[in-house]
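Peer 1: Sharing a structure, written as structure tokens. Questions coming.
Please treat every number below as a calculation from the coordinates, not as lab data. Since this is a predicted model, take the numbers as computed values, not measurements. Heads up, the Cβs are rebuilt from the backbone with ideal geometry, glycines too, and the neighbour counts pull from every protein chain shown.
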2 protein chains.
Amino acid sequence: MSHAITREQLIGNLNWRYATKQFDPARKISPQDWAALEESIILTPSSFGLQPIAAVVVNDSAVKEKLVAASYNQRQVADASHLVVFSIKTNVTEADVNAFIKLISEKRGVPAEALEGYRGMMIGSIIKGMDDAARRTWAAKQAYIALGQLMASAAMLNIDVCPIEGFSPAAYDATLNLAHKGLAATVVAAIGYRAQTDGYAKLPKVRLPKEQIIVHL
Amino acid sequence: MSHAITREQLIGNLNWRYATKQFDPARKISPQDWAALEESIILTPSSFGLQPIAAVVVNDSAVKEKLVAASYNQRQVADASHLVVFSIKTNVTEADVNAFIKLISEKRGVPAEALEGYRGMMIGSIIKGMDDAARRTWAAKQAYIALGQLMASAAMLNIDVCPIEGFSPAAYDATLNLAHKGLAATVVAAIGYRAQTDGYAKLPKVRLPKEQIIVHL
């Protein structure tokens, strides 16, 4: 059921969030809140609905410490309650498109034949219309939509996130054995609760002047 | 001021949203709601905080009709209340980094010299560490974070969005004269209210099985 929130809640919560530098390692996200954040990731819109991404959730402390070393020693990777490595599927093929068509057909009770035009569009655009590098960039963009939706969703629940692009994708892939799963690390989110000692929480937010970001034509 | 919403509100609103196929052309977003959505775009986190993007808001009806033609005739482009063309800045240079450092210095009352390390990281990573193509991809990813935050934000206000990747960037750039502004169209969002006749609003949402999207390690 939809239930609009107020503009003040929306903007208040978006202003409250910041790229958390120091997490409180003792504070864990409740299973109920975590389930909601996973649901938010699953509900993220994607190109054609193909969801060419996975959210890899890392729990093992020793593994997280290895990832700290692969992230310019950013402690958030290990200190946050939860760590998500947004990864792209490296091998999206016609079989994925066909499986997706089958899924739509089942969920919506429409014959697959009725979706042939949609299938053709996806094949033409994503499978035949792109080389491997372009397809990876396309998938990475979908991962960034998921990151955006996750950061906004967490802010609505007053849960902190630090988005991290400063890491070695190759080291992450190796440490998490992602290639074996057909995945490649793209962008990282450390999620939890800010430490009371994180001075960055109190700094004024810095944004470019509005007229540089919003251009009315 | 932050004010957490409930998990049920968050997920209810994210479930409520869908890629709107038919907008009600008669229903316009109120100036107050639109101001909140612009603020949400401005507040979107970005790599280093550099905000290498602009949200181009198109109001002219004749221009919008031209863009419909450049978008595989998707009527949402003209029928939605508002149209945002997320664009990247095509020419991010050391001068942008320096201006950003000056802005941080002013907003936070710290001497620019104290930010020299941060400046060096940005120059090394974004200006010297990337060629033009890589920098455009980096900027495009930031545009997709903004799209993700916008879609989630609009859902919280029960405002509809149709994200659009199916368009000709070259035709958009030409129609909107974006190159002249140092911008290039990257991804589009049509924003407004669903038409009551849009059958897609009632279809069950299709998502891959959870274990394909959320991978616990």
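Peer 1: Of the conditions (1) within 8 Å of chain B (Cβ to nearest Cβ); (2) farther than 16 Å from residue A:158 by Cα, residue A:38 clears all except one; give me its number.
Peer 2: Failing condition for residue A:38: (2).
Peer 1: Among the residues of the range A:80-120, write down those that are surrounded by fewer than 15 Cβ atoms within 10 Å (Cβ to Cβ) and aliphatic (A, V, I, L, M).
Peer 2: A:95, A:99, A:110, A:112, A:114, listed by residue number.
Peer 1: Just to check your reading of the model, which residue among A:170, A:190, A:133 is among the hydrophobic types (A, V, I, L, M, F, W, C) and either touching a helix residue (DSSP H, G or I) at 6+ places or on another chain (Cβ under 9 Å) or at the interface with chain B (Cβ under 7 Å from one of its Cβ atoms) (or both)?
Peer 2: Criteria check complete, one pass: A:190.
Peer 1: Taking residue B:81, is it touching a residue at least 40 places away in the same chain (Cβ under 8 Å), away from chain A (no Cβ under 13 Å) and touching a helix residue (DSSP H, G or I) at 6+ places or on another chain (Cβ under 7 Å)?
Peer 2: The answer is no for residue B:81.
Residues checked against (1) touching a strand residue (DSSP E or B) at 6+ places or on another chain (Cβ under 9 Å); (2) closer than 30 Å to residue B:13 by Cβ:
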site: B:77; (1), (2): yes, yes
site: B:89; (1), (2): yes, no
site: B:113; (1), (2): no, no
site: B:145; (1), (2): yes, yes
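Peer 1: Right, next: Can you find, within the range B:56-84, the residue that is farthest from residue B:121 (Cα to Cα) among those that are in contact with a Phe, Trp or Tyr (Cβ under 6 Å, 6 or more places away or on another chain) and not in a helix (DSSP H, G or I)?
Peer 2: Going through the qualifying residues, I end up with B:80.
Peer 1: The conditions are (1) among the small types (Gly, Ala, Ser); (2) assigned to a helix (DSSP H, G or I); (3) surrounded by fewer than 18 Cβ atoms within 10 Å (Cβ to Cβ); (4) at the interface with chain B (Cβ under 7 Å from one of its Cβ atoms), and residue A:2 fails exactly one of them. Which is it?
Peer 2: Condition not satisfied by residue A:2: (2).
Peer 1: Would you please name the residue that is farthest from residue A:193 (Cα to Cα), looking only at residues in the range A:33-44 that are touching a residue at least 12 places away in the same chain (Cβ under 8 Å) and in a helix (DSSP H, G or I)?
Peer 2: The selected residue is A:43.
Peer 1: In addition: Determine if the range B:60-74 includes at least one residue that is touching a Lys or Arg at 6+ places or on another chain (Cβ under 9 Å), of a type in the set (S, T, N, Q), over 23 Å from residue B:39 (Cα atoms) and more than 9 Å from chain A (Cβ to nearest Cβ).
Peer 2: So far as the range B:60-74 goes, yes, one or more of its residues are touching a Lys or Arg at 6+ places or on another chain (Cβ under 9 Å), of a type in the set (S, T, N, Q), over 23 Å from residue B:39 (Cα atoms) and more than 9 Å from chain A (Cβ to nearest Cβ).
Peer 1: Can you tell me which residue within the range B:193-217, out of those that are more than 8 Å from chain A (Cβ to nearest Cβ) and either touching a Gly at 6+ places or on another chain (Cβ under 8 Å) or of a type in the set (S, T, N, Q) (or both), is nearest to residue B:26 (Cα to Cα)?
Peer 2: Filtering the range B:193-217 for residues that are more than 8 Å from chain A (Cβ to nearest Cβ) and either touching a Gly at 6+ places or on another chain (Cβ under 8 Å) or of a type in the set (S, T, N, Q) (or both), the one nearest to residue B:26 (Cα to Cα) comes out as B:196.
Peer 1: Let me ask another. For residue B:25, are the conditions met, namely being part of a loop (DSSP other than H, G, I, E, B) and crowded, with 19+ Cβ neighbours inside 10 Å?
Peer 2: no
Peer 1: Say we look at the range B:97-113 and pick out the residues that are part of a helix (DSSP H, G or I) and away from chain A (no Cβ under 11 Å); which of these is farthest from residue B:47 (Cα to Cα)?
Peer 2: Ranking the candidates gives B:113 first.
Peer 1: In addition: Would you check if there is a residue in the range A:68-75 being hydroxyl-bearing (Ser, Thr, Tyr) and crowded, with 21+ Cβ neighbours inside 10 Å?
Peer 2: Looking for residues that are hydroxyl-bearing (Ser, Thr, Tyr) and crowded, with 21+ Cβ neighbours inside 10 Å, one finds at least one in the range A:68-75, hence yes.
Residue-by-condition table, conditions (1) in contact (Cβ under 8 Å) with a residue 40 or more places away in the chain; (2) surrounded by 17 or more Cβ atoms within 10 Å (Cβ to Cβ); (3) more than 20 Å from the chain's Cα centre (by Cα):
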position: B:6; (1), (2), (3): no, no, yes
position: B:18; (1), (2), (3): yes, yes, no
position: B:31; (1), (2), (3): no, no, no
position: B:50; (1), (2), (3): yes, yes, no
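Peer 1: I would also like to ask the following. For the structure I just gave you, tell me whether residue A:143 is closer than 30 Å to residue B:99 by Cα and facing chain B (nearest Cβ under 9 Å).
Peer 2: yes
Peer 1: If you check residue A:184 against the conditions, is it touching a Lys or Arg at 6+ places or on another chain (Cβ under 8 Å), within 10 Å of chain B (Cβ to nearest Cβ) and buried (at least 17 other Cβ atoms within 10 Å of the Cβ)?
Peer 2: Against the criterion (touching a Lys or Arg at 6+ places or on another chain (Cβ under 8 Å), within 10 Å of chain B (Cβ to nearest Cβ) and buried (at least 17 other Cβ atoms within 10 Å of the Cβ)), residue A:184 does not qualify.
Peer 1: Restricting to the range A:160-191, count the residues that are out of contact with any Leu (no Cβ under 9 Å at 6 or more places or on another chain) and closer than 14 Å to residue A:21 by Cβ.
Peer 2: 4
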